[in-house]
Every structure is written in structure tokens, then in C-alpha cells.
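The values are calculated or read from the model by the stated rules, or taken from the named source; none is laboratory data. Remember, it's a predicted structure, so these values are computed and weren't measured experimentally. Virtual Cβ from ideal backbone geometry, glycine too; neighbours counted across all protein chains shown. Ligands, DNA and RNA are stripped out before the accessible areas are found, and what is left, the full protein with its side chains, is counted by its heavy atoms. Shrake-Rupley method; radii C 1.70, N 1.55, O 1.52, S 1.80 Å.
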Amino acid sequence: MSFSNDSLHFQYVVSKDDFTHAGSASSDVKNKLKKMNVDAAAVRKVSIAMYEGEINMIIHAYGGTIDVDIYEDRIVMCLKDTGPGIANIEEAMQEGFSTAPADVINLGFGAGMGLPNMRSNSDEFNIESEVGVGTTVTMTIYFNPA
Amino acid sequence: MAEKQQFFHSVYLDKDKCKGCITCIKTCPTQAIRVRNGKAHIIKEFCIDCGECIRHCPHYAKQASFDHMEALDQYKYKVALPPPSLYGQFNHLDDINIILTALTMIGFDDVFEVGAAAELVSDATRKYIAEHEEPRILISTACPTVTRLIRIRFPELLDNLLPLKPPVEVAAELARKRAVEKTGYRPEEIGIAFISPCPSKVTAVQDPLGIPSSAVDVVLATKEIYPLMLSAMKQARNNPLEYCLSGKIGVGWGLTGGEAAGILLDNYIAADGIENVVRVLEDLEDEKFQMDIRFVELNACPGGCVGGVLNVENPFAASSKLKHLKKYLPVALSHPEDFPHKTGMDLTEEIAYEPVYMLGKSMLESINNMVKLEKLMRVLPGLDCGGCGAPTCKALAEDHIRGKGDVHSCTELLRRYYLYGEDAFEALEEENAL
Ligand SMILES: Nc1ncnc2c1ncn2[C@@H]1O[C@H](COP(=O)(O)OP(=O)(O)O)[C@@H](O)[C@H]1O
Ligand code: SF4
Ligand code: SF4
Ligand SMILES: [Mg+2]
């Protein structure tokens, strides 16, 4: 963690081998926001969007890092993984599109709704990907003024 | 009918018995207990009256307050409201009427079963579900501990609370109307006494949620009524009167899954035990259940209300006895059309979020305090040993930030200072971060 005068920064390392801990970074952020005067609706959006992104880093990529910046009026989450990348982003963003392997489908993942939900819960959403290099998703969610 | 008292608690500390042993601080699900000056104080904003500390205190220092039989002396006509969990307390019993008759022999003029009212609430719940097709999952409001937990920790789920009164309130209102008609007394001359399985329901009468005030006048404890009933029951067995108005559904409300079974759908979840309740609420909050669920029944106590700490019998034995008692009962014995009196079933007040865990009054203050918290957490040893009197290092750090505690009370850091002369707080003090 680091901090300047007006923001808080946290970094989470998401490991591919740590499947049973998948979702723990988003849950930690949620618990912090719940103690910080953030409206409940925003907390919910953050936890859904970040959870989906965190899961994708584990089931579709090889893990990576999540950088979270909390400001007075917003939160910025930057999820960066190291490959394999997405060849056709437009296709991946479609509701129901999924290449998830059968073993994770049994756990309830792979409905193809992750990326669409990440976009709909964010106020600003950006995805960049290069095949063989990795994917970076940046999401910003604004808090409702109290 | 009692005056509403905000943050009233039935659970309290008997200071003389408390040894400050820190057993309870670890068992409290809301981290409401701190040992200060050798005594385990309860932070009233955090306490949800679950009774876990009563269950675990080896010195019987955590106790529950409730009313005693004398509280009924001022009333002209006294009605007992026995909950289904009471039926599981007695041995060799195959007729609920024996219990109800015994109640009329120990000082009550009449009885009105909470189980009968529960069947009316089940009926109202079925109607509510049928009339509200939206996919919102409904969470039961019957266990006040759970409602209180949601109001301080799960604000997002407040909208999911089933907006119906708990059976005990419905029973109290109907019992009073029936008594007024029977006796011609004024409503305030009737004393309605609930026989509670838990401190949480004592609190729910003093400080109800969702209604302006409770219709219950007196809350007794099962464990105090039990010995009075034992001898009365010997006599009642010879000639039980026909009082019983609860069937399988009503009696089942005393057990986990009973309320859910009463809605006659199978897409429900029922969980019991406070840790399991917390897990289900966390997963509901995160929308982790990828299945079609309409109803969630949560009971803070193991096995349901039979596990309440004011009961006498072991919860598992009580559960088995209740199952036996309801085996040959009709599905339900109380139907709305059979009741001459009616009462509103809906909660009339909003149950609002109580942000008791907040670190600051504004977002900026919260950010600053979160920074402070992270700095403190780097210095504290992370042993969660309880030596300082707080349940975890993080709880101590949060207390410090709220001005309710001091990180210098960390016993491990004191030990290191004493043995090795390390001053862990020196750097923080220099940058004025303490
Ligand atoms: N971080 C990622 N790295 C590589 N591929 C990804 C990543 N995130 C998503 N994808 C691809 O996009 C598809 C759709 O993702 P998503 O909408 O989350 O659905 P799901 O995870 O259920 O498959 C995935 O099946 C996968 O092919
Ligand atoms: S009753 Fe429950 S919430 Fe209250 S102090 Fe005891 S353990 Fe904690
Ligand atoms: S489960 Fe029943 S006995 Fe236990 S706290 Fe809740 S209402 Fe009281
Ligand atoms: Mg996904």
C-alpha cells in the first residue's frame, strides 16, 4: 500500500495457482470501502466488477496484478495479466461468449457474462489486449456524493 | 407496549464474575467486546444480542436481562405466548396441550401460541411471494439477531428483508384483541407475556425494528419458567385442555428450515449458527448464489430457536423432540379465515443502515484514517492474541483511530520493548502518524 494526501493505493498480486483464494482481492477492497463512507450501491458495483476481472485473470490468463486507487470521489481498478491475450475483443465482450474450460464451468464460472458485467458496472471501462502478451482492464467507478 | 430504547441490550456483563480472561472477545461475531481494566465491556453499537458470549463465558459473567413473573402482577388478565422452541424442552411428551394447560396453572389466564401466529405469517409470506414476481431474494425477519446484523454490516441486503412482522408480534396483537373481547377489560389491563428462548427477542421487544413499538408487555425467559412448569405438567397430564392451534408448520418454526418449509416452495436456503449466517449473507451480498432462490431463512442459533441460550434442553435433543411432536399433526391448524380478529402483518417502519464501523465522517477523513490504519497494521505484530483486550490487531488499530483505544496497549510490543528496547512506534511518532 502507498498513499498520497488525497488517495490510497493498494496492489494485489493474483496468482494462477491460488484458485481457492480467487475473489479475495475484491473482497478485501469491498470490506475497506464499507468502512469508508462509500454508498452501498457503489460498493456493490465495485465488488462485482472487480470480482469478475479477478476471476478472468485466473481462469483465462496466468495471473497478474491489480492496482486499486481510491480517491475522494471514485475508485480506479487496473487489472493487468500476463497473457495469453484476447484475439477478438469485440467478440469477448458479447454477452454469453465464453471459452471457459469445462472444469471451471462446473464451479459456476463461464457464463460469458463477466466482461459485459464489468463494463455495465463501471462508469469508465477500458480493455487492451495483445495475443501472447497479456490483457489490461481499467475500470473507474464514481461514488455517489453523500 | 414498552417505550422504545435505541441500542438497548439484553446481554450484559456481570462485572463481579468477569475475570477478564478474553474468551468472549474471540467468540463475538461483531467484535463488540473489549477487555479494559480487566473486565469485558460490550460496545453497545456493535452488539446484536446473539448470546454467543453467554454461550462461551466459562465464568458465567455474560448474562441476559429479562422480566420475571412479578412483572405480570399489575395486569388484570395475563396471557402467555409460548414459542415452539418451548415444546422441545420437556421429556416424554406427546401432546402440546399438556404444556399449554400447565401454563394456565402457573399464573396465566390464557395462552396464545406463537406457532399459531407463525402459521399466519407463513400464509402471508406465501401471498407476498406470489404477489411479488421480481427476482429479489427475500430474507426472513424472524430472528432479530440476523436483522440487527444486516443493519450494521450488510446495508445492501436491507431491501431483501421480508417486510412482515415476526410471529411473536402477530401473536401478541391477536392475543390482546381476543382477551379484550373475552373479558371486557381495557387493552392496557391485559398483560401479554412472551416466553423467550434468547436475549435477542428480549431486545426486540425493548427496541423493535420495523415497527414503532412492540405489542408484548413482559418478556420472560424459558429457563425461568421451566421449573415452575415441571410440577404443573404432572397435573396437566391428567386432564389437558384443548388449546393447541399449531400444526406441522407452526411447530416447525422452532427448528432451522421450518419457516422456509412453510412457504411451500423448494427454492430456499436455510442456515443456522451465527458463523454460517455470516457466510450466507456475505455470499448473498456478492451475488455468489448462481441458482434460483426465492427465500432465505437464517437463524443465529444452532438448530434454530431450539438453540437459543435461554433454553434449558440441549438443542439437538430439543430438535428431535419437536420433530416427534409435529409428526402426526396436520400441516397447519391456524388459517387466517379462522381468526375472528385481524391484525396488520406488514412492517411499517424502514429498517435503516447503522454505519457503526465507519472510519470517518466523510470520504476524505475515511481515506486519511485508512492510511493511518494501514500504517498501524504494519507496526502491530499481527498475532491477534487478544492481550490488549481487543479481538484482533486490526480491531485495536481501528479503536485507536476512533479514539476508543490505544495501540500502546499491545502486550507483544511492550514485551519487545522491555526485553530488547525496541520502540515500534518511534517512527510513527516522528511522522505524527499516531
Ligand atoms: N484476462 C483474460 N485473458 C484472456 N482471455 C480473456 C480474459 N478475460 C476474458 N477473456 C476471454 O473473454 C471471454 C469472455 O469473458 P467473460 O465475459 O468474463 O466470460 P467467461 O469468463 O464466463 O468466459 C472468455 O471466455 C475468454 O475467452
Ligand atoms: S451478545 Fe453477541 S454481539 Fe453482543 S457482545 Fe455477546 S457475542 Fe457480541
Ligand atoms: S435463532 Fe431464534 S433463539 Fe436464536 S437468536 Fe434468533 S430468534 Fe433468538
Ligand atoms: Mg469471466
Of these, A:Ala49, A:Ala40, which one is away from ligand 1 (no atom under 16 Å from the Cβ) and open to solvent by less than 40 Å² (accessible area, probe 1.4 Å)? A:Ala40
Looking only at region B:301-359, how many residues end up being touching a strand residue (DSSP E or B) at 6+ places or on another chain (Cβ under 9 Å) and either open to solvent by 50 Å² or more (accessible area, probe 1.4 Å) or outside any loop (DSSP other than H, G, I, E, B) (or both)? 3
Counted residues, region B:276-300 - those being more than 25 Å from A:Ile105 (Cα to Cα), open to solvent by 40 Å² or more (accessible area, probe 1.4 Å) and not in a helix (DSSP H, G or I): 0
Can you pull out the residues in region A:52-84 that are charged (D, E, K, R) and either within 15 Å of ligand 4 (Cβ to nearest atom) or crowded, with 21+ Cβ neighbours inside 10 Å (or both)? A:Glu52, A:Glu54, A:Asp81
Does A:Ile141 count as modelled with pLDDT under 95 and within 14 Å of chain B (Cβ to nearest Cβ)? no
Return yes when A:Ser129 is at pLDDT below 95, buried (at least 17 other Cβ atoms within 10 Å of the Cβ), out of contact with any Asp or Glu (no Cβ under 9 Å at 6 or more places or on another chain) and not hydrophobic (A, V, I, L, M, F, W, C) and no when it is not. no
Considering only region B:69-80, I want to know if a residue exists there that is away from chain A (no Cβ under 14 Å) and within 16 Å of ligand 3 (Cβ to nearest atom). no
Could you check, for region B:399-422, whether at least one of its residues is within 14 Å of chain A (Cβ to nearest Cβ), among the hydrophobic types (A, V, I, L, M, F, W, C) and assigned to a helix (DSSP H, G or I)? yes
Looking at this structure, is A:Gly112 away from ligand 3 (no atom under 16 Å from the Cβ), at pLDDT 95 or above and at positive phi? no
Just checking, which of B:Thr104, B:Thr125 is part of a helix (DSSP H, G or I), more than 30 Å from B:Leu162 (Cβ to Cβ) and either within 16 Å of ligand 4 (Cβ to nearest atom) or in contact with a strand residue (DSSP E or B) (Cβ under 7 Å, 6 or more places away or on another chain) (or both)? B:Thr104
Whether any residue in region B:126-136 is open to solvent by less than 10 Å² (accessible area, probe 1.4 Å) and assigned by TED's automatic domain parsing to the domain that holds B:Leu228 is what I want to check. no
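Each row is one residue, and each column tells you yes or no for (1) surrounded by fewer than 24 Cβ atoms within 10 Å (Cβ to Cβ); (2) more than 16 Å from ligand 1 (Cβ to nearest atom); (3) closer than 26 Å to B:His341 by Cα.
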site	(1), (2), (3)
B:Leu164	no, yes, yes
B:Ala193	no, yes, yes
B:Ser231	yes, yes, no
B:Glu242	yes, yes, yes
B:Lys248	yes, yes, yes
Among B:Phe7, B:Phe66, the single one that is closer than 30 Å to B:Gly115 by Cα, assigned to a loop (DSSP other than H, G, I, E, B), among the hydrophobic types (A, V, I, L, M, F, W, C) and modelled with pLDDT of 95 or more is B:Phe66
Need the failing condition index for A:Ala92 against (1) within 12 Å of ligand 4 (Cβ to nearest atom); (2) of a type in the set (A, V, I, L, M, F, W, C); (3) away from every other protein chain (no Cβ under 14 Å); (4) in contact (Cβ under 8 Å) with a residue 24 or more places away in the chain, just the number. (4)
Going residue by residue through region B:74-83, is there one that turns out to be surrounded by fewer than 18 Cβ atoms within 10 Å (Cβ to Cβ) and in the same structural domain as B:Val219 (by TED's automatic domain parsing)? yes
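Does A:Phe97 meet the test of being among the aromatic types (Phe, Trp, Tyr), closer than 30 Å to A:Leu8 by Cβ and either within 16 Å of ligand 2 (Cβ to nearest atom) or surrounded by 12 or more Cβ atoms within 10 Å (Cβ to Cβ) (or both)?
Here the answer is no, as A:Phe97 does not meet what is asked.
For residues in region A:101-132 being of a type in the set (A, V, I, L, M, F, W, C) and within 16 Å of A:Cys78 (Cβ to Cβ), which is farthest from the other protein chains (Cβ to nearest Cβ)?
Applying the filter and picking the extreme gives A:Ile127.
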Scanning for something in contact with a helix residue (DSSP H, G or I) (Cβ under 6 Å, 6 or more places away or on another chain), β-branched (Val, Ile, Thr) and within 11 Å of ligand 2 (Cβ to nearest atom), does region B:99-107 turn up at least one residue? no
Among the candidates B:Ile351, B:Ile367, which residue alone is within 14 Å of another protein chain (Cβ to nearest Cβ) and under 24 Å from B:Val121 (Cα atoms)? B:Ile351
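Name every residue in region B:208-243 that is of a type in the set (Phe, Trp, Tyr) and farther than 23 Å from B:Met69 by Cα, in order of residue number.
Within region B:208-243, no residue meets the criteria.
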